[in-house]
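Reviewing the structure listed below.
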Amino acid sequence: MADTKTSEERSLNMSHIRSVNTKPEEIVRKFLFSQGFRYRKNDKRLPGKPDIVLPKYKTVVFVNGCFWHMHNCSRARLPKSNLEYWAPKIQKNIERDQDNYKKLRNMGWKVIIVWECELKKKVANDRLNRLCSEILDVRV
Ligand SMILES: [Zn+2]
């Protein structure tokens, strides 16, 4: 893969990677697999290349990094320096996300977002169980 990231982006990326042992999307995939769900990964044919695609349930799951997708949580705070660089970049991500979700919904897919911060050890179980219900469309 071509390395087009700036050194600033890279160091931010690395700091995020270092804070978790397993990639967030892998945590979700492993859990779903253990529950008997079968899925496709990063399906390029769908808008936004969803992390997890469950054709049987016509459901896609995005596992979103709080910073890159501006979750409403403490992990998503913009860096104080270079704000004029980061703000438009993140804004573009958000717009692209919304656009992809809309396209997917128009195609009849159910779109579920799992945030990185929801996969912290203490809360991950709750979130993952809820995810099952959401996929199966059980009211919770
Ligand atoms: Zn978050």
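The values are calculated or read from the model by the stated rules, or taken from the named source; none is laboratory data. The model shown is predicted, which means the values in this text are computed figures rather than measured ones. When we count neighbours, we look across all protein chains shown, and the Cβ atoms used for this are built from the backbone with ideal geometry, even at glycine. For accessibility, only protein heavy atoms count, side chains too; no ligands or nucleic acids. Shrake-Rupley method; radii C 1.70, N 1.55, O 1.52, S 1.80 Å.
Per-residue packing, averaged as other Cβ atoms within 10 Å, sorts the ranges 123-132, 45-54 into the order 45-54, 123-132, beginning with the highest.
Couplings for the range 78-85, taken from phi via the Karplus curve 6.51 cos²θ - 1.76 cosθ + 1.60 with θ = phi - 60°, read 6, x, 6, 8, 6, 4, 5, 8 Hz in order; Gly and Pro are left as x.
Compactness of the range 22-136 was expressed as the Cα radius of gyration divided by 2.2 N^0.38 Å, which yields 1.11. About the centre of its Cα atoms, the range 22-136 shows a dipole size close to 280 debye [charges on the beta carbon of Lys, Arg (+1) and Asp, Glu (-1) only; nearest 20 debye]. Sorting the segments 27-40, 62-75 by their residues' average number of neighbouring beta-carbon atoms within 10 angstrom, most packed first, yields 62-75, 27-40.
Each other residue within a Cβ distance under 13 Å of residue 66 adds +1 if Lys or Arg and -1 if Asp or Glu, for a net charge of 0. Expressed as a whole percent, the accessible surface of the range 40-140 that belongs to carbon and sulfur atoms is 50, based on a 1.4 Å probe.
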